């Protein structure tokens, strides 16, 4: 009787995750699992205690925790990236995913099929006021200049691939090198959904590392941007007070999303899902006739999608793909991308300052990275340190929202070239 | 040793540079087009809303002379604020008259506080 009971417990214990970790601690990758769990806990700490983008980092970290517990079977990233599980080595095996997939596999389809990022853009569109941009159209150029980091980092990542550093370009094909480089470069757009949208198509194996890098740096903008802003501008430039923006009519605000959609989608059709949804959300808001839809898109819908997106992106971070030199290099390149984008916006801001005879404060250039509204807030803060009576916030919102369009276009260019 | 399957390193870097320049140009091109379209839009929607805008401003300025009820509310708020600042109860404070001053510093401080709370 007692023997049977002990045997029963023994058999049960052998099937637990604890046994799995410690049984294979040294022989297999048990210790790697423990490292992943530790990283997940650190990210949870950053999200909860330090409040680094908690809305995303919290689900990401918990997804990571959940997916790395052995035998849980909630997520199989290999179904989406391992050629052994793909039909003909590149198409998703839906039958396998539907029948053998866990909860997070099914939710991950929303990432893989490109559904969540555009829906988040819909909500962002409902929350964005393009008024400052419409009243000062020149500021849209800063949103383009701040994509510099995207393309500079793209080149940097290609070099890593060509020289085979950190496991990049391991399969030796130009296609992989370009795809991975494009996915890493887009971190410089400072736009989480855009980075995820590009990476899930071009380099799904790097998704978790890129998403975590992108969201971490967005949270760290108050640390990263001000030193660059101060280094690249003079005291006089930072003190420039800009003219008041003219008021924008509702007609202009309604026409704007329609026109932007036409221009962008006609030239870069691959940007259609992101830009189209962003502009639909904005039209819903500005039209004023669909208030209920606007409320749902920017609150409930966006929150639901954020939970699904965060937890599944986190769940793709498994030891085999995450604990690599690549992840570390991606984190480094992401920082380069962010910094160069900030610098790109500032330098163009200085050019505009010269051309307009000192009417533009170059500090608004750094807001061209599309982290809304953090980047614009940094312009305001650094400007006010020099001149307490200066209010740059609304001027910086122009480049800031232009940056969202700019990075979506950059994403479209990459997808058109390499997808 | 067999690392480069289908490319020559120098050519690949050249190709990457070409994509970089092309990508930046396309981003600038599209945003420049949008800039000109916004400018055109402003020109052609500027004439008509001139009347509209005037109507809006008059509509906004009319409620400026505060109706009786609002000023009572304002007095209540001022009373409460004074009482709170002095640490006495509201019943021991009497507001006999009030006048708006051109307090630039207070306005600025208030504006900054609102901005800081919003973003």
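Throughout, read-outs are computed from the coordinates displayed, never taken from laboratory work. Since this is a predicted model, take the numbers as computed values, not measurements. Glycine gets a Cβ as well: all are built from the backbone with ideal geometry, and neighbour counts include every protein chain shown.
Shape class of the stretch A:116-418 from the alpha-carbon gyration tensor: oblate, with a/c at 1.5 or above and b/c at least as large as a/b.
Go ahead and estimate [θ] at 222 nm for chain A from helices alone: -39,500 (n - 2.57) per DSSP H run with n ≥ 4, summed, over the residue count, rounded to 500.
Working: 24 runs with 293 residues, N = 419.
Helix-only estimate at 222 nm: -22000 deg cm²/dmol.
Between residue A:266 and residue A:155, the contour length at 0.36 nm per residue exceeds the Cα-Cα span by 37.3 nm. With both labels modelled 7 Å from their Cα along Cα-to-Cβ, the residue B:40 to residue A:355 distance reads 1.9 nm. For the peptide A:144-150, the mean number of other protein chain Cβ atoms found within 10 angstrom of a residue's Cβ is 4.
Note on B:97, A:370, A:135: ascending count of other Cβ atoms within 10 Å places them as B:97, A:135, A:370, the fewest first. Once you order the gyration tensor axes a ≥ b ≥ c over the Cα atoms, which shape class does the stretch A:1-118 get: rounded for a/c under 1.5, otherwise prolate or oblate by comparing a/b with b/c? Taking the square roots of the gyration eigenvalues as a ≥ b ≥ c, the stretch A:1-118 is oblate.
With an 8 Å Cα cut-off and a minimum separation of 6 or more residues, compute the relative contact order for chain A in percent.
Values: 770 pairs, mean separation 112.9, N = 419.
The value is 27 percent.
By count of other Cβ within 10 Å, fewest leading, how are B:108, A:292, B:96, A:377 ordered? Sorted ascending by nearby Cβ count, the order is B:96, A:292, B:108, A:377.
When the square roots of the Cα gyration tensor eigenvalues are ordered a ≥ b ≥ c, the ratio a/c for the stretch A:176-277 is 1.5 or more and a/b does not exceed b/c, which makes its shape oblate.
How many partner chain Cβ atoms sit within 10 Å of a residue's Cβ in peptide B:10-22, on average, as a whole number? Can you show the working numbers first?
Working: counts 1, 1, 8, 5, 0, 3, 14, 4, 0, 11, 10, 1, 3.
Average per residue, whole number: 5.
Report the FRET efficiency, 1/(1 + (r/R0)^6), for residue A:175 and residue B:106, where r is their Cβ-Cβ distance and R0 is 60 Å, rounded to 0.05. Can you show the working numbers first?
Numbers: r = 63 Å, r/R0 = 1.04.
Using R0 = 60 Å, I get an efficiency of 0.45.
Quick one: if the Förster radius is 60 Å, what FRET efficiency do residue A:165 and residue B:94 give, using the C-beta to C-beta distance and rounding to 0.05? Here the calculated transfer efficiency is 0.15. Relative to the longest principal axis of the Cα atoms of chain A, the long axis of helix A:54-68 lies at roughly 20 degrees.
Here each label is just a point 7 Å from Cα along the line to Cβ, and for residue A:303 and residue A:48 those points are 2.0 nm apart.
Going by how many other beta carbons lie within 10 Å of each one, how would you line up B:99, A:112, fewest first?
On the way: B:99 4, A:112 20.
Ranked by crowding around the Cβ, least crowded first: B:99, A:112.
What does the extension gain come out to for residue A:95 and residue A:16, with contour length at 0.36 nm per residue minus their alpha carbon separation?
Extending this stretch completely gives an extra 25.6 nm.
Approximating the spin labels as points 7 Å out from Cα along Cα→Cβ, the residue A:129-to-residue A:236 distance works out to 3.4 nm. Between residue A:106 and residue A:325, the FRET efficiency from the beta-carbon distance, with R0 = 30 Å, is close to 0.40. Inter-chain Cβ neighbour count for A:249-260, averaged per residue, equals 4 (cutoff 10 Å, partner chain atoms only).
Computed over the protein assembly as shown, the P(r) curve from all C-alpha pair distances, binned at 10 Å from the origin, holds 4, 16, 24, 23, 15, 9, 5, 3, 1, 0 percent per bin.
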